[in-house]
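Below is one structure, written out as structure tokens, with a few remarks after it.
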């Protein structure tokens with residue numbers, strides 16, 4: 001399973017989800033879904049915008065966590 005760490009990155013930069021949405025042009029409900037891990041897919045364009053605003057690499061925003069059987 002892929003776990004998103006966008007919420008952590010926002011906290012490190014003292015930025016709100018609303019602020020990220022405004023600066024990236026990504027709809028606030030989508031930003032919220034990314035932060036809570038409820039997003040089903042994430043377009044490369046959105047990932048690029050988030051990385052640009054947060055000044056980070058894609059690997060800083062997500063990690064792979066093996067699912068327990």
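Go through the residues of the range 28-46 one by one and say whether even a single one is more than 20 Å from residue 1 (Cα to Cα) and surrounded by 16 or more Cβ atoms within 10 Å (Cβ to Cβ). No, that holds for no residue. Residue 9 meets the conditions (1) in a helix (DSSP H, G or I); (2) modelled with pLDDT under 95 in every case but one. The failed one is (2). Going by the structure shown, is residue 53 surrounded by fewer than 11 Cβ atoms within 10 Å (Cβ to Cβ) and either modelled with pLDDT of 95 or more or in contact with a strand residue (DSSP E or B) (Cβ under 9 Å, 6 or more places away or on another chain) (or both)? Criteria not met by residue 53.
Filtered by the rule that a residue be in contact with a helix residue (DSSP H, G or I) (Cβ under 7 Å, 6 or more places away or on another chain) and either closer than 17 Å to residue 39 by Cβ or modelled with pLDDT under 95 (or both), the range 56-68 gives 58, 60, 61. A single member of 3, 18 is part of a helix (DSSP H, G or I), over 9 Å from the mean Cα position of the chain (by Cα) and loosely packed, with under 14 Cβ neighbours inside 10 Å, and it is 18.
Which of the residues that make up the range 56-69 are in a loop (DSSP other than H, G, I, E, B) and exposed (fewer than 12 other Cβ atoms within 10 Å of the Cβ)?
If the condition is that a residue be in a loop (DSSP other than H, G, I, E, B) and exposed (fewer than 12 other Cβ atoms within 10 Å of the Cβ), then 57, 65, 66, 67, 68, 69 are the ones that fit.
The values are calculated or read from the model by the stated rules, or taken from the named source; none is laboratory data. For clarity, every value in this text was computed on a predicted model and none was experimentally measured. We place every Cβ from the backbone using ideal geometry, glycine too, and count neighbours over all the protein chains shown.
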